[in-house]
Amino acid sequence: MKVFLPWFGHFGDLVRDVLPWIWAHWQPGDVIGGDPRQALLYPVPPEPVLWAPVAAQYPHGYDSHIRPGELPDALRRVALARWPRAVLRQWSRTGEVFPKPSLRLPDPVAIDVVLAPRRKPYADAKNGWPWEALAQGCQARGWTVGLAGTREESASVPHAIAAWDIAPADGGLCGTIALLRGARAVVTLDSGIGHLASLVDAPQLVVYPRRGDERRSLVLRDGRHAQMRFADMHRWNTRLCLPVWGGVDAVLTALIEVMTRTQIALGPIAPWRAHHVSRVPGWEAGQTIVVKETERSLIMRPEGNVLIETSPLPPARPAIPVHERERRRATCRACAHYRAGSDRCAVCGCGFVIAERIVSRVARCPGGFW
Ligand code: SF4
């Protein structure tokens, strides 16, 4: 028998990479390590004894700023003490692709828009997106708003129902999946809930600062690059999966289009690419048609077609010299308007983190310091 050691990193990697690997290799009699509250995600409930060392190392959930230290060795010791003849398996990134896992899904909970107002309890560049304004904008249009995620890692924004209130025992996972399944549209950042939305084929919008960012490795903070994973969400989602570029107004515009006048058709795209949307059989005036293939989508609007591709782009090259970048970085960090937790400027009001602004040729300090 095999023991699958628990994954203790980012939730997004668990959903998109680790779970498919486990589901592809698990056989009856094998033991799985994982958060026992997330039993819904696994073929059999995870063994709590394998999660105890993880909970001790990360008592408030995974924090990328805390090094795992001896945790991998501790997990092996615990597993071999309990199952001495077992073969231990630990996921590692190999590039191999596995099918979507076949989760036992809870019944859908009907809701108009589901938001994932991610806010990690530690400093993180994805914190600070203006979710409250988006939730208010949705409610002003008469849409019911559901919140996906966990109470501990979500910003407090207006809502009709939250995942963690539906089934509190698992911290919000069952409620999250029920909401994602019942949503007319889901809005997330490039995050774990986005992968979960694609897993259950929820019509989804994924927010990025600028066009093309969804295909890039972005500098999130402190010069660290992170590959955006829109392509993976698009590949999994058999319904609608589109990027949105910008802030609250751009997302609301996209939501109105998705919720009121968008029809989805499965590919191929090639026969339609050069045609006006009015040529699509059954098209009604004003409608948007989205033709979807696994790796790309074609948005057909009366004003023209837009091809959404997902193949990776090279990282955007820094447009300014290193010494100027460092000068800007030092100035921001010494500034009273700098918010270290989200790596944002409190007065500029844009969607970009400082790590991105300081490498931009067009960005300006709103205080006139650079
Ligand atoms: S006001 Fe200027 S220096 Fe201060 S945090 Fe904002 S961008 Fe940086």
Amide H contacts under 5 Å for Val186, placed H, 5+ residues apart: Val114, Gln204, Leu205
Amide proton proximity set for Arg344, modelled H, under 5 Å, gap of 5+: Arg339, Ile354
Among Arg37, Arg261, Arg235, residue whose mean-square fluctuation peaks in a GNM of the chain (springs only between Cα atoms under 10 Å): Arg261
Reachable lysines from Lys100, criterion Cα separation under 25 angstrom, eight or more residues apart if same chain: Lys2, Lys292
Listed residues Ala116, Ala148, Ala254, most fluctuating in the chain (Gaussian network, C-alpha, under 10 Å): Ala254
15 Å beta-carbon shell around Val87, net charge (K/R +1, D/E -1): +4
Whole-number Å³ per residue for the convex hull built on Cα positions in the range 17-111: 152 Å³
Net charge contributed by nearby residues that have their C-beta within less than 12 Å of Pro20 (K/R +1, D/E -1): -1
Calculated P(r) tail over 13 Å for the range 86-134, as whole % of Cα pairs: 78 percent
Relative contact order [Cα under 8 Å, 6+ residues apart], the chain, whole percent: 12 percent
3J(HN,Hα) from dihedral phi, the range 20-30, Karplus parametrisation 6.51/-1.76/1.60, rounded to Hz, x for glycine, proline: x, 5, 5, 4, 6, 10, 5, 10, x, x, 6
Long-range HN-HN contacts of Ala162 with modeled amide H, under 5 Å: Leu147
Principal axis box of the range 267-307, alpha-carbon based, largest edge first, Å: 28, 17, 15
Rounded to 5, percent antiparallel among DSSP beta bridges of the range 59-203: 10 percent
Cα-based shape type of the range 4-54, given that a ≥ b ≥ c are square roots of the gyration tensor eigenvalues and the cut on a/c is 1.5: oblate
Considering only the chain, percent of DSSP beta bridges that pair antiparallel, nearest 5: 40 percent
Stretch gain in nm, segment Arg327-Gln90, where the contour uses 0.36 nm per residue and the Cα spacing is subtracted: 81.0 nm
Fraction of beta bridges assigned by DSSP in the range 151-250 that are antiparallel (%, nearest 5): 35 percent
Viscosity 1.306 mPa s, temperature 10 °C, Stokes-Einstein D of the chain from Kirkwood C-alpha radius, µm²/s: 72 µm²/s
Choice from Ser217, Ser360, Ser154 showing the highest fluctuation, given a GNM over the chain with Cα pairs closer than 10 Å: Ser360
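Throughout, read-outs are computed from the coordinates displayed, never taken from laboratory work. This one's a predicted model, so the numbers in the text were calculated from it and none came from an experiment. Here Cβ is always computed from backbone atoms with ideal geometry, including for glycine, and neighbour counts include all displayed protein chains.
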